Amino acid sequence: MTAHSTAETSDPEPGPGLDLDKLLAARLHAARARPYLATALFALHVVVSRQVPTMAVDRYWRCYVSPAFVDGMPLEELAAVWVHEVSHLLRDHHGRSDRYARQHGLTGPGERLRMNIAADCEINDDAYGDGLVRPESAVRPASLGLPDGKLMEEYLSRFRLGAHTDGLSWLDCGSGADGLGREWELGPDGAHGLSKEERDAVRFRVAQGINGRPGSAPQKWKRWAEEAFHPPQPWRELLGAAVRSAASGPGAGEDYTYGRPARRSAGLPGVVLPSLRRRPPRVCVVIDTSGSVSDAELGSALLEVAAISRAVGGRRDLVTVVPCDASAGFVHSLCRGEGIPLLGGGGTDLRAGFAKALRTTPRPDAVVILTDGQTPWPEARPACRTVVGLFPRGRSRHDENNPDYVPDTPPAWARVVEIGSVGAGC
Amino acid sequence: MPTCAPLTLVDTPADPFAPESAPGSAAGTETAQLDVAGDLLTLLRHSTTEPRPDDQLEALTLAVAADLPVLLWGEPGIGKTAALTQLAASLDLPLTTVIASVHEPSDFSGLPVVGDDPAEQGVPMAPPDWAVRLVRAGKGLLFLDELSTAPPAVQAALLRLVLERRIGSLQLPRGVRIVAAANPRGSAADGWELSPPLANRFVHLQWVHDHEVVVRGLGGTWPRATMPRLDPERLPEAVDFARRAVCGLLAARPTLVHRLPSGETRRGGPWPSPRSWDMTLTLIAFATAAGSSRDVLSQLVRGTVGDGPGLELLASLDRLDLPDPETLLADPAGAELPERGDLRQAVLDGVVAAVRARPERSRWDAAWELLVKAVETGAPDLVVVPATTLATLRQEDWDVPASIESLAGAVGLSRRADQAAERTAARLAEAAARAGR
């Protein structure tokens, strides 16, 4: 660790004109206002730069500071900028920008500016207040006509550069925010950078601090701390993996059997070989059609299940659908792509749907249940692999007739995938 | 080069010897074309290598050297096989690649051969030829590729091979090392995944391609990894260090010893159990004896017990690296404080905590001396919190040391921050009042 030193130690005069005392007093104020970020704030290495317009970070945890910017900012706003810049690094905005750019084929500085703006929106909607003022120049989602509380990736899909962002073209939080290297940055080989392992260690210590004292951090930081090293995967992948493993696991679909001799046996007399036997998996989808699940949600989830079962080798006619509210409807086949009437509404009892699905002949290899979870579940494990696609609901639905009603969580024997949560790491 | 078209050249050769091969001229031309194609291929295949540190290859080498089952997770076509070829060459082991998905389970569990009198002699399970060759050679690197696209029964047979090193009735010798590769769940066509007990037996290494390496390699220069060498003199020290690291953490955090993965996202990945901690201990010892970097160790540890426990272990290793507060208090003049801000603050906090645990006049003075030293050699804002805490530990008959004047800068800084906090509170209150009106 001795290879690293801060600007202040290696160079007592980090640059002519920089009011280092003011900068460090601001950092102290920031660390007092956000004690759970102190480790990260102190891990930043200050580099004086006249080319950076304000304050910026690179992905190696160096913080570039313009002396003129420090002079012009009130100390309390400077503290807010410290928190803002360190948030870019903790939230891995550079890595997420790179991934987003790769996935969507985005190139060019304009797109990176857009990522910087979106990343700023993710930070700024709840970073200030409670001991920190919001700097005048901070970009907020509202100024772009967007709602608060979204992730950078969600903001990115919702706005374009245009007249309302013209005032932001000076904005530059460095490659730590949007992944694009700047000419004034020291780069991977420059002095005082943190290695990947060191960066992870700092982020981990901050997350541990937040998890250890959950009372003091706001909701969004708590969520960050929980997900920092386990970014939620996109639900499509998870649902796909769950359905595939349920439908193609041993005992369902394709596997070896000694029931019939293998074709190889002809060439090897005296040797008993198993043969590959293949039966396309049958998947039965039970759909919660009660009022609480929207048609759009159901439609996208149903399409996903159909696509997955096709990918496992299932045929369209082997996917059946049971709409279910308080009682189960007819069993439909997803054969010719005609619409399945998703009628229903009111309360849900998925036990009826389960029973219906298991009674279909031939029996399904896997049952997929799409629901918001506001339902009683079967007491015992059904004789079939079960995947639950759960539409997340903020709070439990209020039941007028029975205010004490608390819906059960899905049972442990089912594999549960939360649908609709966009992964920060995707 | 003459300016006429090349085709004319071939048809009417100016070479006086050419007409002699007239009967076979058509065949001769074709051979020539294939030769040219061969030359072109030789040129294309000609590439040089350059030494380049490669953390993931180093991690793989160490895990293979430690004889632990390794599972490489990586998208198809990113050079897992190339890496294994290089690894085999550097370890001086013959490489046997077995593509799991084109085999049948009996190829790994042994082919049942029915003899004359099965009831009397039993049915032997005959091993495949490559296994026999491996046993005869006594050493080798067995690479089981495409584990995830094989049908479940083949996977089951393969896992027995990886974990028990048995093929039918054949036991693989100790000199054989096994590495398996699988595609991540998202890209695997049939979504194979490991059950938690199986996942717990592997060192999971994520294999990713380095953009720079690929571009440079296609340009003709591939990297040549420098293989870690185990230093024979460091072996006892490495074992001691590894035991201290793992036992130190687990003594303080008993819940980390065994923790089954919960939730859909963490399925099929590494998780902590006494078995995987034992593997971690081995890997720390190997990485220490090889003098590997912390990045390599991080990949190995997180690939064995998972991210959370792995990072906790690495964090406690960092703390092992930090100077001991008692040593610093015993000799404040000769103390060397870490230069990175967050580590320095951790050390100073530790020093103050040590004084609080055993408050004595001499220790209190020594702590002040350390704080003064910290202000003189680094950022003053780090010192404010430890200094405030240390001041509260003063007992009545203790005089404030003279050297404390050096802390004036830090005190000033603290005052400015206090004032900023007051201004902030006022501004926020004003804004709230305006919003409320």
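The values are calculated or read from the model by the stated rules, or taken from the named source; none is laboratory data. Note that this is a predicted model, so its numbers are computed, not measured. So basically every Cβ, Gly included, is an ideal-geometry build from the backbone, and we count neighbours across all protein chains shown. Only protein heavy atoms, including side chains, enter the accessible area calculation; ligands, DNA and RNA are left aside. Shrake-Rupley method; radii C 1.70, N 1.55, O 1.52, S 1.80 Å.
A few points about this structure:
- Enumeration of residues in region A:148-164 that are in a loop (DSSP other than H, G, I, E, B) and open to solvent by 60 Å² or more (accessible area, probe 1.4 Å): A:148, A:157, A:158, A:160, A:161
- Options B:129, B:190, B:145; residue that is at pLDDT 85 or above and within 14 Å of another protein chain (Cβ to nearest Cβ): B:129
- All positions within region A:182-197 that are touching a Lys or Arg at 6+ places or on another chain (Cβ under 8 Å), open to solvent by 20 Å² or more (accessible area, probe 1.4 Å) and at the interface with chain B (Cβ under 10 Å from one of its Cβ atoms): A:192, A:195
- Identity of the residue in region B:133-158, touching a helix residue (DSSP H, G or I) at 6+ places or on another chain (Cβ under 6 Å) and open to solvent by 10 Å² or more (accessible area, probe 1.4 Å), that ends up farthest from residue B:95 (Cα to Cα): B:153
- Among the candidates A:32, A:27, the residue that is charged (D, E, K, R), assigned by TED's automatic domain parsing to the domain that holds residue A:199, at pLDDT 90 or above and closer than 24 Å to residue A:92 by Cα is uniquely A:27.
- Each residue in region B:105-117 was checked for being surrounded by 15 or more Cβ atoms within 10 Å (Cβ to Cβ) and more than 7 Å from chain A (Cβ to nearest Cβ), and 4 pass.
- The residues of region B:215-272 that are within 14 Å of chain A (Cβ to nearest Cβ), within 20 Å of the chain's Cα centre (by Cα) and modelled with pLDDT under 85, listed by number, are B:266, B:267, B:268, B:269.
- Summed over region B:355-379, residues that are under 40 Å from the mean Cα position of the chain (by Cα) and open to solvent by 20 Å² or more (accessible area, probe 1.4 Å) total 6.
- For region B:380-396, a residue qualifies if it is over 17 Å from residue A:28 (Cα atoms) and surrounded by 19 or more Cβ atoms within 10 Å (Cβ to Cβ), and exactly one does: B:390.
- Residues being at the interface with another protein chain (Cβ under 7 Å from one of its Cβ atoms) and open to solvent by 40 Å² or more (accessible area, probe 1.4 Å) - total across region B:422-432: 3
- Only helices (runs of 4 or more DSSP H) whose full extent lies in region B:194-289 are considered here, and the ones with at least 2 residues that are closer than 21 Å to residue B:72 by Cα are B:196-199, B:211-218, B:274-289.
- Within this structure, residue A:118 fails the test of being open to solvent by less than 40 Å² (accessible area, probe 1.4 Å), within 14 Å of chain B (Cβ to nearest Cβ) and of a type in the set (Gly, Ala, Ser).
- Test for residue B:329: is it touching a Lys or Arg at 6+ places or on another chain (Cβ under 8 Å), farther than 23 Å from residue A:61 by Cα and open to solvent by 10 Å² or more (accessible area, probe 1.4 Å): yes
- Matching helices (runs of 4 or more DSSP H) fully within region B:295-397 where at least 2 residues are touching a Phe, Trp or Tyr at 6+ places or on another chain (Cβ under 6 Å) and either under 30 Å from residue B:71 (Cα atoms) or at the interface with another protein chain (Cβ under 9 Å from one of its Cβ atoms) (or both): B:307-321, B:341-357
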